[in-house]
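Here is the structure we will look at.
The values are calculated or read from the model by the stated rules, or taken from the named source; none is laboratory data. All of these numbers come straight from a predicted model, not from anything done at the bench. Glycine also receives a Cβ, built like all others from the backbone with ideal geometry; neighbour counts cover every protein chain displayed. Side chains included, ligands, DNA and RNA excluded: accessible areas come from the protein's heavy atoms. Shrake-Rupley method; radii C 1.70, N 1.55, O 1.52, S 1.80 Å.
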Amino acid sequence: MAADQERMSYLAANGTAPKISIIIPVYNVEKYVGKCLSSLISQTFTDFEIIAVNDGSKDDSLSILLHFQEKYDNITVLNQKNCGMSPARNAGLEIARGEYICFVDSDDYVAPTYLEELYNACVETESDIACCYYYFHFVENDFLFEYPFRCRGVFDRGEAMNKLLRDVQIQSLMWNKIYKHSLFTDYDIKFPTMCFEDMAIANKIFAHADRVTVIDRPLYYYNQ
């Protein structure tokens, strides 16, 4: 089925919208995508959907995605020709139904409380964005290194932008955060097709966030 037909079928489906939509662009990650999806399926927070966008993978990534889709009702696979990270994320955003959006890279994985802690941080502090710390996971020797963040707490727009623009206290990464969906839809924000697309879009999103929370727990595992 063509990608546009898949999107139309998905949007036409009935059902209550989940609290969180997780968007995962996938390209040639057969060694890692199973662990990525397993870590999400095992979350303590359960009100979410996973939108996995296969971006023309040439290995067995698509078959792994379809296996998970067949097994779990909250996983939807979009299959498109290879267009790159940004178009894949945009394709996921087109059909995302959640109140919050979360991006996970398909060769990474997350802690069991990843969604729960980020969601609760947004709700309890009335924040538009919640961020967490993360680990570098060196795959070759299975070594974990916690990235040394330098801030925590709740910040207003000006404070958060100041920390983001320095790219040290809050980094321009899409994947260790959740976002109010309305930050994308209300301001028609989409990922540009360019290098370092995270840095280009993070500034736009944070510019519209009234409040940002940073929690001081490493909940995301970035495979190195």
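For the range 31-84, give me each residue that is touching a strand residue (DSSP E or B) at 6+ places or on another chain (Cβ under 7 Å), among the polar types (S, T, N, Q) and not in a helix (DSSP H, G or I). Scanning the range 31-84 gives 54, 57, 74, 76, 79, 80, 82. If you go through the range 187-224 and keep only what is open to solvent by 90 Å² or more (accessible area, probe 1.4 Å), among the basic types (Lys, Arg) and under 15 Å from residue 121 (Cα atoms), you end up with just 217.
Take residue 204 and decide whether it is basic (Lys, Arg), in a helix (DSSP H, G or I) and on the phi < 0 side of the Ramachandran plot. Here the answer is yes, as residue 204 does meet what is asked.
Is it fair to say residue 160 is over 18 Å from residue 23 (Cα atoms), buried (at least 20 other Cβ atoms within 10 Å of the Cβ) and in contact with a helix residue (DSSP H, G or I) (Cβ under 7 Å, 6 or more places away or on another chain)? It is true that residue 160 is over 18 Å from residue 23 (Cα atoms), buried (at least 20 other Cβ atoms within 10 Å of the Cβ) and in contact with a helix residue (DSSP H, G or I) (Cβ under 7 Å, 6 or more places away or on another chain). Of all residues in the range 34-79, those satisfying the criterion of being more than 29 Å from residue 120 (Cα to Cα) and surrounded by fewer than 18 Cβ atoms within 10 Å (Cβ to Cβ) are 56, 58, 59, 60, 63, 66, 67, 70. For residue 155, the test of being modelled with pLDDT of 95 or more and aromatic (Phe, Trp, Tyr) is passed. Checking each residue in the range 163-176 for being touching a residue at least 12 places away in the same chain (Cβ under 8 Å), open to solvent by 40 Å² or more (accessible area, probe 1.4 Å) and of a type in the set (D, E, K, R) picks out only 167.
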